[in-house]
Structure formats: structure tokens, C-alpha cells
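What follows is calculated from the coordinates using simple rules that are stated; it is not laboratory data. Values in this document were obtained by computation on a predicted structure and should not be read as measured data. Using ideal geometry, Cβ is built from the backbone for each residue, glycine included, and neighbour counts are taken over all protein chains shown.
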Amino acid sequence: MAKAAKTPPPARATRKEGMVSARAGVPAQTVSANLRAAAKTRAPGATAALVLADGTTFWGRGLGAAGHRVGEVCFNTSMTGYQEILTDPSYAGQIITFTFPHIGNVGANDEDLESATPAALGLVIRADITAPSSWRAKGHLDGWLKSHGLPGISGIDTRALTIRIRDLGAPTGALAHAPKGNIDIAALARRAALWPGLEGMDLAQQVTCAKPYPWAGGTWSRAAGYAKGARRRFHVVAVDFGAKRNILRCLAQAGCRVTVVPATATAGDILRRKPDGVFLSNGPGDPAATGAYAVPAIKGLLAAGLPLFGICLGHQLLALALGAKTEKMGLGHRGANHPVKDLRNGKVEITCQNHGFVVVADSLPKGVEKTHVSLFDGSLEGLAVRGKPVFSVQYHPEASPGPQDSHYLFARFIAMMEKA
């Protein structure tokens with residue numbers, strides 16, 4: 001692995017390098033110096049590289065599919081559930097660094113999927129993938145990655161990369177896997193520098209369903225696999241901004257007949273289905289961009305007085321519809337060990353999280369109360385509208401992967417529909 005030179009020597013930048021560096025906000029001399037350092041310290045036999053926009057390069061061994069991907073480089077601290085993470089639609093536009101060193105050692109199967117096609121761009125891990133060692137494994141993670149066209153890199157110092165993201169924010173990067181070792185790091189740095197970033201990106205339309213469909217399957221258990229769902233007492237329309245399957249399973253298990261509709265569904269489209277309640281799903285991208293079409297629909301649902309429940313991006317879009325603001329976080333929250341305090345009862349939940357944007361707490365309008373806060377950084381993690389059956393959380397109560405401390409929120413949604 002080659003790291004960036006801390007004090008780069010003066011270097012004459014080419015016009016092309018200067019243009020790229022200006023767009024990335026990085027001095028051309030820094031990029032040139034980092035690329036020169038990387039070229040000199042290339043590890044023997046390297047078949048993959050992760051190159052950041054400033055030229056910082058991490059050499060390693062390629063895994064999964066050959067090719068390259070460009071996106072935001074983030075990290076996830078979960079120790080389990082890498083398949084659920086890689087197939088979470090909220091990771092569209094992102095390359096995932098796993099901080100836990102042993103990723104892939106329990107293999108891959110067809111059950112631990114949160115979407116049919118992975119939205120993540122690739123993965124970065126510390127140790128090579130070992131042979132599967134789980135009774136549920138149906139194959140090797142490397143083969144699963146190849147089947148979905150996902151490239152990866154192993155053998156790099158993920159701790160150093162994680163600390164860099166923590167201290168400097170999530171960078172843009174280009175991940176390349178070239179089995180023959182022909183890697184042009186200067187070209188990768190240019191691609192990374194030219195990538196526009198997640199701010200202003202509406203990615204929900206890339207991961208949403210093409211047309212409405214019913215969902216009936218319940219949650220998984222070791223004894224019986226996936227349940228058929230409980231007796232269906234309520235009809236819930238779930239707006240798919242990039243919904244994880246386990247959210248839909250939890251709704252069905254709680255007794256809901258679930259109809260999933262595309263992210264672009266209008267209030268009229270939803271209300272014509274005569275739902276007892278509406279669910280606003282998680283998803284990727286900038287909520288302000290998705291809000292261009294989602295906020296008017298949500299305002300229509302609020303006016304109709306239906307019970308509303310939002311998670312992650314759905315939480316952010318609900319906040320925008322209520323008049324609050326959102327902003328990009330420096331590095332985001334991604335992992336399965338995030339403590340969140342419920343301000344109503346003082347209880348602390350350990351939660352699963354995956355978000356790079358956040359609702360600005362000070363922007364909540366009158367009548368909207370803060371219900372949950374992060375004990376890591378104090379950021380807003382939940383809200384509710386006083387006197388109305390409307391609430392949302394920033395984290396993921398359905399887990400997959402993660403703890404199940406927050407499953408009670410689905411029961412709260414059911415109770416609201418019962419009362420309505």
C-alpha cells in the first residue's frame with residue numbers, strides 16, 4: 001500500500017491535472033506528489049487499487065469482478081451481515097470499506113439479500129476471503145461478487161483508510177480490479193476527481209421499483225425460514241425510495257397487507273389505493289434532490305391525515321415536507337452499533353444505521369418534536385408531529401444486519417392505524 005506524502009515536494013502540474021484538481025478542490029501539486037509516491041511503492045503482484053481524488057493510493061489484491069467503479073468511499077463498522085449491507089439500496093453511489101477484518105468467511109446465500117441487485121459499487125476489506133464456514137452458505141462470496149459484477153480489493157490497511165475518512169470526511173475514489181495488473185492510477189485519480197459527489201444526486205429513481213407490486217412474506221427464523229406473514233389487518237402502501245426487503249417483511253409480520261409503489265408515486269396514486277397507513281422507505285442520495293417530486297406527494301398525504309411512518313431517507317423527506325432542512329454529513333453513520341436515546345422515555349437503543357445526510361434539528365418547525373438523538377454526535381434520529389399519527393426515525397429498526405432493539409416501532413405504527 002502506498003499512502004499520500006504528507007509534505008509533497010513542489011511539482012509542475014499539467015493543464016489537465018490542474019483542471020481536474022481544481023474541480024476536486026485539491027492542489028495539482030498534491031495529486032502529482034501522491035501519484036508519484038504511489039507508483040514507487042506499488043506492492044509486488046498488486047492486482048487492484050483504490051485511488052482517491054487527491055491521488056492517495058491503496059494497493060491490494062483484487063477480488064470479485066474485474067473492472068473499475070467510481071463513487072464515494074465510506075466505511076461500515078458492522079461485524080456481520082455483509083450481504084445485507086452490499087444489497088442495501090441506500091448504498092447506491094458508494095464504495096464500502098468494512099472495518100471488521102474478516103469479511104466473507106461465512107459465504108453467500110440467496111436469503112440474506114435486501115434487494116435483487118446490489119446497489120453498492122464495490123467493497124474494500126483487510127483480509128483475503130477464506131472458504132465459507134457457515135451451514136447456511138450456498139457459495140463463496142467471491143463468486144457471488146463476480147455474479148453481480150462487483151469489484152473488490154483486499155490486503156489494504158483499512159484502519160488507515162477509516163481514520164482518514166473519519167478525520168477528513170468521505171472522499172471520492174476509484175476502485176479498480178485488473179487481474180493482469182495493468183492499473184493506470186493517474187487515470188483513476190482523474191475519474192475520482194471528476195465524480196460530482198452525492199450532494200444534489202437523486203438516486204432513488206435508480207433503485208425504486210418499476211411498477212406497484214404486493215408484498216406478503218414475513219420475517220426469518222432459524223426453525224422455519226421466512227414466514228408467510230401474520231393475519232393482514234391493515235393495508236399499508238410503502239413508497240419505495242430504495243426499500244430494504246426486511247422492512248417490508250417486518251410490516252407484513254406485524255399484520256399488514258403491503259403494496260409497494262414507485263418513488264415517483266403521487267399522493268393521488270397512493271390515496272386511490274385506500275391505505276390505512278403509508279410507509280416512506282429508506283433510500284440513497286440527497287433528500288433535497290429526491291424531494292423535488294417526493295415532498296409534494298408527502299404533503300398531500302399529510303393533508304389527508306393518514307398515519308405516516310418514515311425510515312432513513314423517508315424520515316428526511318418527511319422532515320422536508322414538514323418544513324425542516326437537511327444537510328450532508330462529513331462521514332455519515334454506517335454500522336450496527338450506534339446508540340440512540342429515546343427522549344420520551346430515556347431508554348437507549350443500539351441501532352443499525354446507514355445514512356450520509358441528516359435532518360437539521362434546529363430547523364424543525366413548530367408542532368414537530370425531536371424524539372430520538374444519537375449518543376455519538378447528538379444528531380437528530382427521530383421526530384413526531386404533535387397530535388397527529390406521523391413519526392419517523394433516521395436509523396433502521398428492521399436491522400438486517402444489526403440489533404432488534406427498535407422493532408417496537410412497527411408495533412407503534414400498527415397502534416396508530418388501529419386508533420385511526
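Worth a mention:
- Extension gain, Lys388 to Ala127: 0.36 nm times the residue separation minus the Cα-Cα distance gives 89.0 nm.
- Dipole magnitude for the stretch 202-335: about 640 debye, using +1 per Lys or Arg Cβ and -1 per Asp or Glu Cβ, origin at the Cα centre.
- Under 5 Å between amide hydrogens, built in the peptide plane, is the criterion, and for Gly107 it picks out Ser133, Leu141 among residues at least 5 positions away or on other chains.
- Remark on the stretch 204-419: ratio of C-alpha radius of gyration to 2.2 N^0.38 Å is 0.93.
- Relative exposure of His338, His102, judged by other C-beta atoms within 10 Å (fewest first): His102, His338
- Helix 408-419 vs. the chain, principal-axis angle (Cα, 0 to 90°, nearest 10): 30
- 31 Å Cα-Cα threshold exceeded, pairs from Lys244/Lys341; Lys40/Lys328; Lys244/Lys328; Lys228/Lys419; Lys138/Lys341: Lys40/Lys328; Lys138/Lys341
- Phi-derived couplings, Karplus 6.51 cos²θ - 1.76 cosθ + 1.60 at θ = phi - 60°, listed residue by residue for the stretch 316-329: 5, 5, 4, 4, 4, 5, 7, x, 7, 10, 10, 8, 7, 8 Hz, with x used for Gly and Pro.
- Segment Asn345..Ala116, full-extension length gain: 78.6 nm, with 0.36 nm per residue of separation and the alpha-carbon distance subtracted.
- Note on the stretch 21-152: dipole from Cβ charges, positive end direction compared against Thr117, Ala37, Pro151; the farthest Cα belongs to Ala37.
- Residues Trp59, Trp195 arranged by fewest to most Cβ contacts within 10 Å: Trp195, Trp59
- Between Asp362 and Lys180, the FRET efficiency from the beta-carbon distance, with R0 = 45 Å, is close to 0.25.
- Here each label is just a point 7 Å from Cα along the line to Cβ, and for His140 and Glu199 those points are 4.3 nm apart.
- Look at Trp220, Trp144 and count the other Cβ atoms within 10 Å of each Cβ; fewest to most, that gives Trp220, Trp144.
- Set of the stretch 339-370 residues, backbone N closer than 18 Å to the point 7 Å along the Cα-Cβ line of Glu327: 355-365, 370
- Stokes-Einstein diffusion coefficient of the stretch 217-273, Kirkwood radius over Cα pairs, 25 °C, 0.890 mPa s, in µm²/s: 205
- Looking at the chain, the pairs of alpha carbons with a distance over 36 Å make up 27% of the total.
- Computed magnitude of the charge dipole of the chain (debye, nearest 20; Cβ of K, R +1, Cβ of D, E -1): 240
- Taking every Cα-Cα distance in the stretch 155-201 and sorting them into 10 Å bins from zero, the calculated P(r) comes out as 22, 42, 33, 3 percent.
- Sorted largest first, the spans of the alpha carbon positions of the stretch 15-194 along the three principal axes are 55, 33, 26 Å.
- Low-density loop cleavage sites - trypsin sites (Lys or Arg not before Pro) in the stretch 32-64, where at most 16 other Cβ are within 10 Å (DSSP): Arg42
- Compared with the dominant principal axis of the Cα atoms in the chain, helix 15-24 is inclined by about 30°.
- Placing R0 at 51 angstrom, the Cβ-Cβ distance between Arg412 and Ala43 gives a FRET efficiency of 0.45 after rounding to 0.05.
- Along the axis of the charge dipole computed for the chain (Cβ charges of +1 for Lys and Arg, -1 for Asp and Glu, origin at the Cα centre), the listed residues Thr162, Val390, Gly107 are led at the positive end by Gly107.
- Between the stretch 229-250 and the stretch 61-119, the Cα center-to-center distance that results, in Å: 24
- Sequence-ordered 3J(HN,Hα) estimates for the stretch 356-369 from the Karplus curve with 6.51, -1.76 and 1.60 and θ = phi - 60° stand at x, 10, 8, 7, 6, 4, 5, 9, 4, x, 4, x, 10, 10 Hz, glycine and proline given as x.
- Rounded to whole Hz, the Karplus (6.51, -1.76, 1.60) HN-Hα couplings of the stretch 37-45, x for glycine and proline: 4, 5, 4, 6, 10, 4, 5, x, x
- Total charge dipole magnitude, the stretch 15-194, about the Cα centre, Cβ charges on Lys, Arg, Asp, Glu only, Debye to nearest 20: 840
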